[in-house]
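Below: the structure, in structure tokens.
The values are calculated or read from the model by the stated rules, or taken from the named source; none is laboratory data. Note that the structure is a prediction, hence the values are computed from the model and not measured. Glycine gets a Cβ as well: all are built from the backbone with ideal geometry, and neighbour counts include every protein chain shown.
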Amino acid sequence: MSITETFRNETVFVTGSTGFLGKILTEKLLRSFDVKNIAVLVRGKNGLAASQRAVDLFEQPIFDRLRIEKPDFMTKIKIIDGHLEEQSLGISSNNRDWLIKNVNFVFHCAATIKFNETLQIATKINIQGTENILVLASNMNNLKGFVYVSTAYSHCPRSEIKEEFYHVPITAKELKQLIKINSKIDNVSVDWPNTYTFTKALAENMILTNDNQLPISIFRPSIVGCTQSEPEPYWLDNIQGLAAVVTSLIIGFVRVVPMNLNKKTDIVPVDYTVNALISVMWDTVNRYKNSNERNKDPKMYNYVSSIDSTLYWSTFIDYVYETYHKVPPLQSMWYICCVFSANRWIINIMKFLLHRVPAALVDLSLFIYGENPKMLKMYSRKEKMIDTVKVFITNEWKFDNSNTRELWTLLSQEDRKRFWFSFENFDWKSYIQNLVYGIRKHILLEDLNNITEALLKHRKLFWLHQLCICFSIYIIFQVYWMFMVLLI
Ligand SMILES: NC(=O)c1ccc[n+]([C@@H]2O[C@H](COP(=O)([O-])OP(=O)(O)OC[C@H]3O[C@@H](n4cnc5c(N)ncnc54)[C@H](OP(=O)(O)O)[C@@H]3O)[C@@H](O)[C@H]2O)c1
């Protein structure tokens, strides 16, 4: 049965549909399939009720193509008001009964992806939340497939990551008990660089030891980047992680980034990721039709690009610079100029010279003009943010993606066209160019019609930058000269 046939007239439950990946997943499911219903778990947030947030969500421009191709798509959507961490997900009994009776497929994407989240909150959302979804799913009468979205870095303390379960130092249950005793506990294992990857590893382990025998798979994408083409090219809306680093770089704010240019990147476009995720669901359903599968460990799929199409950080940065010179943002603060190094000493010295000293000078002038100094604070915040992604841009991993490759071979020609996720002949240059365009359009909210003005500003910033370099060399030379005179 084709992927399209598998989803026909079926009901899908998606968590995390208001997030970066979840939006593209929900859009693709609605656009590609004649599903019966899509139930989306949405929580009330920032004073807005779940229903209002869902309405706002589907009014976003990313759903414009869907609006044209499937004008009645809203009739298929069922909003489930709930919070992952609450008991029984905090959903009403009517909604719970509806889900139990109707849902055939569950995509569990919701998570907190804040790297520096407290262990308590990360545990509540990523572990307890996943457990709550598993309990609900195990009561579903007609469940055919469940895919848990993890991350390729869940076991990042290892240098080689295969598509298998690995040992964790503590079980999810033990961690929850520890937190009950001491809610302030913030570190259980020194091996994991952050609470995000740690709680994701424990959630995977919880799925392994879950004896509900659900038709379940685990999908592990690496760093998810902007869309390649669907529903539109270079769309993104997450201002965390890599996108945040590139944004700070192209506006000339950040001049020092801890990055090892000789290491491999591992980026996957969000639309490819969604296609792979849908294909994993299709494979899961097919596998579990054979009931013997229920006694086996859930299957893992690493979704990574570095094996089939390698890109180094040095080339990534070259492409970013190249695009920047063609389409610099109008709101650039300074000419693009950045030191990349994996050496702690170089980074610290350069941070002092290229971030702190200029920031202190700006703050001093703000103070003199009676305004609030803010640059040092802004740099401190930005440096902290970059430190949270440091581990992913200064290291590389040897991944295995045999299951994902095998899955690709199982797809029919027709399904491959509609759900393309292979990195065969992937054009990184045009993709990274698109990433910069996407950041310019969706994060910096700049249209390409300001390009002449932006290039003019860019030229001025270039000469200002050169002037500063000459001035700095002059100062260094003068100081050196003064010392020499004193010594003689
Ligand atoms: N982005 C990446 O580079 C990447 C890489 C590998 C794996 N992944 C995985 O992909 C999945 C989606 O990531 P993403 O990038 O789309 O993250 P995201 O943009 O931060 O979205 C997270 C989603 O989870 C929801 N959520 C968080 N806490 C919740 C709670 N307590 N109750 C209900 N919903 C909650 C959020 O809802 P609100 O809108 O209400 O906050 C949002 O819809 C995650 O499982 C992540 O681990 C992401």
*Name every residue in region 207-229 that is away from the ligand (no atom under 16 Å from the Cβ) and within 30 Å of residue 288 (Cα to Cα), in order of residue number.*
208, 209, 210, 211, 212, 213, 214, 215
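Regarding region 161-171, can at least one residue be identified that is assigned by the TED database to the domain that holds residue 299 and in a strand (DSSP E or B)? Write out each step before concluding.
To start, the set of residues in region 161-171 that are assigned by the TED database to the domain that holds residue 299 comprises 161-171.
Remaining after also requiring in a strand (DSSP E or B): 161.
The answer is yes, given that some residue of region 161-171 is assigned by the TED database to the domain that holds residue 299 and in a strand (DSSP E or B).
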*asked:* So the check is Cβ under 6 Å with 6+ separation or different chains; which pairs have a first residue in region 195-209 that's over 11 Å from residue 148 (Cα atoms) and in the same structural domain as residue 176 (by the TED database) and a second one that's within 11 Å of the ligand (Cβ to nearest atom) and assigned to a helix (DSSP H, G or I)?
replied: 195/122; 199/122; 199/126
*asked:* Considering only region 185-192, I want to know if a residue exists there that is in the same structural domain as residue 166 (by the TED database), within 16 Å of the ligand (Cβ to nearest atom), outside any strand (DSSP E or B) and not aliphatic (A, V, I, L, M).
replied: yes
*Enumeration of residues in region 14-54 that are basic (Lys, Arg) and more than 9 Å from the ligand (Cβ to nearest atom)*: 28, 31, 36
*Determine if region 335-348 includes at least one residue that is more than 25 Å from the chain's Cα centre (by Cα) and within 13 Å of residue 249 (Cβ to Cβ).*
yes
*Could you identify the single residue in 297, 271 that is of a type in the set (Asp, Glu), in the same structural domain as residue 201 (by the TED database), under 30 Å from residue 145 (Cβ atoms) and out of contact with any Ser or Thr (no Cβ under 8 Å at 6 or more places or on another chain)?*
297
_Taking the condition of being within 30 Å of residue 142 (Cβ to Cβ) and in a loop (DSSP other than H, G, I, E, B), how many residues in region 213-259 meet it?_
5
*Assuming residue 425 fulfils every condition listed in (1) in contact (Cβ under 8 Å) with a residue 40 or more places away in the chain; (2) in contact with a helix residue (DSSP H, G or I) (Cβ under 9 Å, 6 or more places away or on another chain); (3) closer than 30 Å to residue 218 by Cβ apart from one, which condition is it?*
(2)
